[in-house]
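A.B. asks: I'd like to ask you about the structure that follows.
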Amino acid sequence: PFRGMATELESYQVRIFYVVNKKEEAIFDEEFRKLPNYNLWLSEEKGRITADKLGDVSDCDIFICGPVPMMRSLAEQFVRLGVKPARIHTEEFGLY
């Protein structure tokens, strides 16, 4: 969902972190590489992504999409780093 949004937000400073375990799983990597401030995060190389690895984001709006446990964990981490809960937005999906 954020892929389309990122292409429409040219007047905003947007950083995208596309998190996958292995490079082969990054099916949108080629498309995302066209966007400014794009970061491919390979967990097998860098470990799990955590809020503190992203630098100072206390005055940012945060958009998270992914499995519920990951989103909850990251949201809690961002709050501990000073991001106001109202600035954290999530997009839940599930595979049933």
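What follows is calculated from the coordinates using simple rules that are stated; it is not laboratory data. From a predicted model like this one, the values you see are computed outputs, not experimental measurements. No Cβ is skipped: glycine too gets one built from the backbone with ideal geometry, and neighbour counts run over all protein chains shown.
A.B. asks: Place the peptides 41-53, 71-83 in order of packing, highest mean first, counting for every residue the other Cβ atoms within 10 Å and averaging per peptide.
C.D. replies: Working: 41-53: 13.2, 71-83: 15.9.
For the peptides 41-53, 71-83, the packing ranking is 71-83, 41-53.
A.B. asks: Per DSSP helix of 4 or more residues, -39500 (n - 2.57); summed, then divided by the residues of the chain. What does that give at 222 nm, rounded to the nearest 500?
C.D. replies: Working: 4 runs with 28 residues, N = 96.
Helices in the chain give a 222 nm mean residue ellipticity of -7500 deg cm²/dmol.
A.B. asks: Now a separate question. Can you give the charge dipole size of the chain about its Cα centre, rounded to the nearest 20 debye, using +1 on the beta carbon of Lys and Arg and -1 on the beta carbon of Asp and Glu?
C.D. replies: Values: 13 positive and 16 negative charges, 50 e Å.
In total the dipole reaches around 240 debye.
A.B. asks: On to the next question. Could you give the length gained by full extension between V20 and H89, i.e. 0.36 nm per residue of separation minus their alpha carbon distance, to one decimal place?
C.D. replies: Working: separation 69, 0.36 × 69 = 24.84 nm, distance 1.99 nm.
Separation in residues times 0.36 nm, less the Cα-Cα distance, equals 22.8 nm.
A.B. asks: Follow-up question, since we're still on this one. Relative contact order (percent) for segment 36-96, with alpha-carbon contacts under 8 angstrom and 6 or more residues of separation? Intermediate values should be presented prior to the final figure.
C.D. replies: On the way: 54 pairs, mean separation 23.2, N = 61.
Answer for segment 36-96 is 38 percent.
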